[in-house]
Every structure is written in structure tokens, then in C-alpha cells.
Amino acid sequence: MSTAVASDPALAANPTVEVEGVSKWFKQKVAVSEVTCSFGPGITGLLGPNGAGKTTLLRMLTGLLLPSGGRVRVLGRAPRDAVDVYRSIGLVPEENAVYPRYTGLEFVALAGKLTGIADPERKARDALEEVDLLDAAGRPVGGYSKGMRQRAKVAAALIHDPEILVLDEPLNGTDPIQRAHLIALFQRLAGNGRTVIVSSHVLQEVERMTDRVLAIVDGKLAAAGDITAIRRAMTDIPYRVVVSADEPRSLARAMLDIEVVNGVTLEDRRIQVETSDLAALGSELPGLAKALGIRITGFKPADESLESVFRYLVRKR
């Protein structure tokens, strides 16, 4: 793979992690299908709905899984063939991978011992301070909240000062303050030349961290580029909203006459609406309801997970 490819947004100019035609299948199930991309210094967001294949891809990047086809190179070598490569990787798995009886300090120090660093307890304290968890270092991890466990996993991944940081849904369960602290930490590490790969199913999370995004769904690379390019690719996707009202059947029938409404279905007294222009629908609907004497009690997106967006992008390829 070329070390400087400006024409393909899926490829980093100075890659530290390279993925070439990688596939992974489990018996009859194809989890990842012929993905080619690369990652370099800075933050890259790996974006996709749950079950898209993100975790499987990250496990191949870190050597936890072998590809069924294609190849992965980390710092120019296959992780399974060069064990010392693992010392350059820090992994935060999505799973609740903690030892509940260990204190936070013991848990992070153990990660340091496994990588062979000197003075793991001191470095564990430093790592816990990085994630703002030092005050809970003496408490058992089993008593931590989900957000605290996430931060403990980040500290364990950082203790050996890796060049490459792989984060699988690292913000799950964190509150807004914790989330802002972790995002600032990831950005600081990336600014110091680290390669940071962050997977998420939430576009807004990724948007706060980085401009470079790879979108994956059904195991395929759906789109690549900066956030602006991804949003531009999404502009002609029909919006789906759920409208609640005290007379849903009458309102649903009347909504079919609104020009920007593509389709309407009634389900459990809620109106499922597909529209080509969300703003226009929001402007016209109140007047229509008032003319009919109907009270609207709810108006919200039908699919906040963005899964429909990703599937649309895949269909366009």
C-alpha cells in the first residue's frame, strides 16, 4: 500500500496501520468484507451502526483475530508474526473487560506488568490521573459505574505509552463531563503524534473528536472522508420521523397532501412519516393540525441510531 495516497480518502498519507482487502467470516456469516483502508497519526473515527463489523475489524488490527482474507500491517508488520508490535498498541475493548475484585490501581498496574514496563504502580497512578480517576484508585473496579470502568480501561491501555491507541466505543456510559475529559485526552494524544482509532455508532461523538471518518456497515466500507463529506453524502436521504397526536388517523390522512411527505404509516397510534424536507414538514404540520383541530403531542426522529444513513450509503456504492 502506498505511503502517500491523497486521492483516496480511505487511505492515510503516512500510515501506521494498513488494511488491504481484509475479510473475516465465521462459518456462513461474513463479518467484514474486502475492506481496504489505513490509519496514521491523528484521530480517525470508525463510524457505523451496532453490528456493522467495527469490532471485528478492530480485533484484526490488534491481532486478536486473524483475517480470513487480505492482510493487516501494524508499523509494517503483521501483529501475529511480530509479538513486539503489541507493545506499540493500546486497546480499549467495548466489552466490560475488568477484574471486579481488583482495585483501580491494581487493575491498571496489572496491564503495565503484562507489557513489561518498569515501576508499573507509579505509571498506573499517572495513567489514572490522566483519566481523572486517581481519587477512586483504591476502590474495587466492580463497584465502579460504567463510565468509571470505561476510564479505567482507557488508563490500562495508556500505561505503556503506546504509539497506536484503538478505542472501541470508549465513551459508552460516560457522563457529559467524563466524555469531554476523554475527548480532550484523545485529542491531546493525537496531537502528540499518536495514531488514535475510535469506533462509535454516534456521529456527534466522532464529530467532536475528528474530521476524518471511515463509515462501515454490513462489514463493508460505506464512505470515507471528513465529516463535511459524510454529511454531504447524507443530504438526499429521506428523513423519518414519528408524530404523535390525539387524532392520529385523521392527521395521517391529511399529511399525505403535504408536498414534502413521501409516505405515511400508522403504527400503535403513532404516525411514521418519511419526508424529503424535515424543516418544511416542521413548518407546515402545526398549521395543518390547527386547521383540523388536532393536538400534536410528539415529533421526533424515528431512527436516532443513524443505521438507515449507513445502509443508504452502502446502497449507493
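The values are calculated or read from the model by the stated rules, or taken from the named source; none is laboratory data. It should be emphasised that the depicted structure is a prediction, and the values quoted were computed from it without experimental measurement. Cβ: placed from backbone, ideal geometry, glycine included. Neighbour counts: every protein chain shown. The area values use the complete protein model at the heavy-atom level, side chains included, leaving out ligands, DNA and RNA. Shrake-Rupley method; radii C 1.70, N 1.55, O 1.52, S 1.80 Å.
The set of residues from the range 193-215 being out of contact with any Cys (no Cβ under 9 Å at 6 or more places or on another chain), more than 18 Å from Arg87 (Cα to Cα) and of a type outside the set (D, E, K, R) comprises Val198, Ser199, Ser200, His201, Val202, Leu203, Gln204, Val206, Met209, Thr210, Val213, Ala215. Are any residues in the range 251-285 of a type outside the set (A, V, I, L, M) and either under 12 Å from Arg240 (Cα atoms) or more than 36 Å from the chain's Cα centre (by Cα) (or both), and if so, which ones? Of everything in the range 251-285, those that are of a type outside the set (A, V, I, L, M) and either under 12 Å from Arg240 (Cα atoms) or more than 36 Å from the chain's Cα centre (by Cα) (or both) turn out to be Arg253, Asp257, Asn262, Gly263, Thr265, Gln272, Glu274, Thr275, Ser276, Asp277. Residue count for the range 111-125, restricted to those that are open to solvent by less than 70 Å² (accessible area, probe 1.4 Å) and not small (Gly, Ala, Ser): 4.
Checking each residue in the range 150-180 for being closer than 19 Å to His201 by Cβ, among the charged types (D, E, K, R) and either assigned to a strand (DSSP E or B) or open to solvent by less than 50 Å² (accessible area, probe 1.4 Å) (or both) picks out Lys153, Asp168, Glu169.
In this structure, is Glu130 under 25 Å from Asn14 (Cα atoms) and open to solvent by 50 Å² or more (accessible area, probe 1.4 Å)? Answer is no for this residue. Remark: pairs (first residue in the range 267-291, at positive phi and without any contact (Cβ under 8 Å) to a residue 60 or more places away in the chain; second residue of a type in the set (Gly, Ala, Ser) and not in a loop (DSSP other than H, G, I, E, B); Cβ separation under 8 Å; 6+ apart in sequence or on different chains) = Arg269/Ser244.
Residues that are surrounded by 17 or more Cβ atoms within 10 Å (Cβ to Cβ) and outside any strand (DSSP E or B) within the range 209-226 comprise Met209, Thr210, Asp218, Gly219, listed in sequence order.
Scanning the range 59-74 for residues that are small (Gly, Ala, Ser) and open to solvent by 10 Å² or more (accessible area, probe 1.4 Å) returns Ser68, Gly69, Gly70. In the range 191-206, how many residues are under 23 Å from Thr56 (Cα atoms), of a type outside the set (Val, Ile, Thr) and open to solvent by less than 70 Å² (accessible area, probe 1.4 Å)? Number of matching residues: 6. Hey, could you check the range 264-296 for residues that are open to solvent by less than 50 Å² (accessible area, probe 1.4 Å) and touching a Leu at 6+ places or on another chain (Cβ under 8 Å) and say which is modelled with the lowest pLDDT? In this case the residue turns out to be Thr275.
Listed by first and then second residue, the pairs linking a residue in the range 203-229 that is within 14 Å of Pro49 (Cβ to Cβ) and polar (S, T, N, Q) to a residue that is open to solvent by less than 20 Å² (accessible area, probe 1.4 Å) and at pLDDT below 90, with Cβ atoms under 8 Å apart and 6 or more places separating them unless they lie on different chains, form an empty list.
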